[in-house]
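Enquirer: Sharing a structure below in structure tokens format, with a few things to ask.
Values quoted throughout were computed directly from the atomic coordinates according to the rules given, and no laboratory measurement underlies them. Here the structure is a predicted model, which is why all the values come from computation and not from measurement. Here Cβ is always computed from backbone atoms with ideal geometry, including for glycine, and neighbour counts include all displayed protein chains.
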């Protein structure tokens, strides 16, 4: 007879998948708006105008669900000295030599750093996105601030996309 250990509740898994799906949708719609090479992605959202309309709302849903997750998982994601040791031995992690690694607790250092990338990145995307959201908020800001916001938004998005790619690779 086997017993299973429930690592996450149904609510926690549901929140994770809402954030994951909205992140993918926001990333795809954002890439479509970011560079002409990715413009073909607008067809996933009904065309250019719909992509521009939906992108901020998708980001808003992602933000709301992530806030709930962040509050729930905050206490498990504090960086400890063991996490710093784990990061110093990242070569052992990559080569799957777990015996040389410190005990991680509920989450390993890689998971914790991704959590903090998201905790910092989502508010940065939210605020910078508000500065550039046409036609609702952008007219209230000077053009130089909108230009800075576009660069900050793109940089934060790329960092988060890279973090999520590593996360997905590590899970698989």
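Enquirer: In nm, to one decimal, how far is the residue 21 label point from the residue 158 one, both placed 7 Å along Cα→Cβ?
Expert: Between residue 21 and residue 158, the simple spin-label model gives 3.0 nm.
Enquirer: Determine, for 98, 92, 83, the number of other Cβ atoms within 10 Å of each Cβ, and report the residues in order from fewest to most. Mind dumping the intermediate values first?
Expert: On the way: 98 10, 92 14, 83 21.
By the 10 Å Cβ count, ascending, the order reads 98, 92, 83.
Enquirer: Output the 0 to 90 degree angle, nearest 10, between the alpha-carbon long axis of helix 109-132 and the longest principal axis computed from the alpha carbons of the chain.
Expert: On a 0 to 90 degree scale, this one is about 10.
Enquirer: Sort 128, 29 so the one with the fewest other Cβ atoms within 10 Å of its own Cβ comes first. Walk me through the numbers on the way to the answer.
Expert: On the way: 128 22, 29 25.
Listed from fewest to most nearby Cβ atoms, that is 128, 29.
Enquirer: Right, another one. Taking N as the number of residues in the range 70-172, what value does Rg over Cα atoms divided by 2.2 N^0.38 Å take?
Expert: With N residues counted in the range 70-172, Rg over 2.2 N^0.38 Å equals 1.38.
Enquirer: Springs between alpha-carbon pairs under 10 angstrom, Gaussian network model over the chain: which of 159, 79, 94 fluctuates most?
Expert: Of the options given, 94 has the highest mean-square fluctuation.
Enquirer: Hey, another quick one. Taking the Cα centre of each part, how many Å lie between the range 21-41 and the range 133-167?
Expert: 13
Enquirer: With springs only between Cα atoms under 10 Å apart, run a GNM on the chain and tell me which of 70, 37, 109 wobbles the most.
Expert: 37
Enquirer: Can I ask one more? How long are the three semi-axes of the equivalent ellipsoid of the chain, in whole Å, if each is the root of 5 times an eigenvalue of the C-alpha gyration tensor, listed from largest down? Write out the running numbers ahead of the final one.
Expert: Details: eigenvalues 228, 66, 51 Å².
That gives 34, 18, 16 Å for the three semi-axes.
Enquirer: Between residue 94 and residue 140, with labels modelled 7 Å along Cα→Cβ, what's the label distance in nm to one decimal, could you check?
Expert: 4.6
Enquirer: Once you wrap a convex hull around the alpha carbon atoms of the range 50-118, what is its projected area averaged over all directions, in nm²? Each step should come with its number before you reach the end.
Expert: Values: hull surface 24.3 nm².
The orientation-averaged projected area of the Cα hull of the range 50-118 comes to 6.1 nm².
Enquirer: With springs connecting C-alpha atoms under 10 Å apart, model the chain as a Gaussian network and identify which of 123, 139, 56 has the largest mean-square fluctuation.
Expert: Sorting by GNM fluctuation, first place goes to 139.
Enquirer: Give me the three principal axis extents of the range 10-77 from the C-alpha atoms, as integers in angstrom, largest value leading.
Expert: 41, 19, 16 Å, listed from the longest principal axis down.
Enquirer: Helix-only estimate, please: 222 nm mean residue ellipticity of the chain, summing -39500 (n - 2.57) across DSSP H runs of length 4 or more and dividing by its residues, to the nearest 500. All intermediate terms of the calculation are to be shown ahead of the outcome.
Expert: On the way: 6 runs with 117 residues, N = 172.
Per the formula, -23500 deg cm²/dmol.
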